[in-house]
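Structure first, then comments.
The values are calculated or read from the model by the stated rules, or taken from the named source; none is laboratory data. On a predicted model such as this, the values are computed, not experimentally measured, just so you know. Cβ: placed from backbone, ideal geometry, glycine included. Neighbour counts: every protein chain shown. These area figures cover heavy atoms from the full protein model, side chains too; ligands, DNA and RNA do not enter into them. Shrake-Rupley method; radii C 1.70, N 1.55, O 1.52, S 1.80 Å.
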Amino acid sequence: MFTIFKDFTFSAAHAIRGHTRGCENLHGHNYRVRIHVEAKALDELGMVIDFADLKIVAREVLDPFDHRVINDIPPFDARNTTAELLSQYVFEEVSRRIDDGRLRVSRVEVWENDTACAIFAPES
């Protein structure tokens, strides 16, 4: 199995509905999102996926959040805005765009800062 990952960043504000320790207030993060992609076999160029192609897909998913309030953007207008739920959302959205039988998204990490990260990786 071959695995690659690429990091992406965006800045956004959010408020966690129902939280009682301060995060219910509007606040922001400089998010880092790490997308892991794996393949049993490499393509004809010897790649899991071209990093440029992964970037195009990731930007489609992440750019709507950049310099915005995440709570205003579906599905987070109805869903809470935790890093855990963001990682699941990114995983699902990138997966439906690139999973093709040869390669698949294996894990997504959402970092709110240098010391706090949530990871979504489905059971194998």
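Candidates E92, E109, E84: the one that is closer than 22 Å to N25 by Cβ and under 14 Å from the mean Cα position of the chain (by Cα) is E84.
Listed conditions (1) open to solvent by less than 80 Å² (accessible area, probe 1.4 Å); (2) without any contact (Cβ under 8 Å) to a residue 60 or more places away in the chain are all met by H36, apart from (2).
Exactly one residue out of A52, A58, A83 is without any contact (Cβ under 8 Å) to a residue 60 or more places away in the chain, within 19 Å of I4 (Cα to Cα) and surrounded by 20 or more Cβ atoms within 10 Å (Cβ to Cβ): that is A58. If the condition is being open to solvent by 30 Å² or more (accessible area, probe 1.4 Å), touching a strand residue (DSSP E or B) at 6+ places or on another chain (Cβ under 7 Å) and not hydroxyl-bearing (S, T, Y), then the range 5-19 contributes F5, K6, D7.
Restricting R97, R104 to those that are in contact with a Ser or Thr (Cβ under 9 Å, 6 or more places away or on another chain), within 19 Å of P122 (Cα to Cα), open to solvent by 50 Å² or more (accessible area, probe 1.4 Å) and among the charged types (D, E, K, R) reduces the list to R104.
Within the range 1-48, if we keep just the residues that are assigned to a strand (DSSP E or B) and among the acidic types (D, E), the residue that is nearest to E60 (Cα to Cα) turns out to be D7. Within the range 108-121, residues that are in a strand (DSSP E or B) sit with their Cβ atoms under 9 Å from residues that are of a type in the set (A, V, I, L, M) and open to solvent by 60 Å² or more (accessible area, probe 1.4 Å), at 6+ positions apart or across chains, in these pairs: V108/I119; E109/I119; V110/I119.
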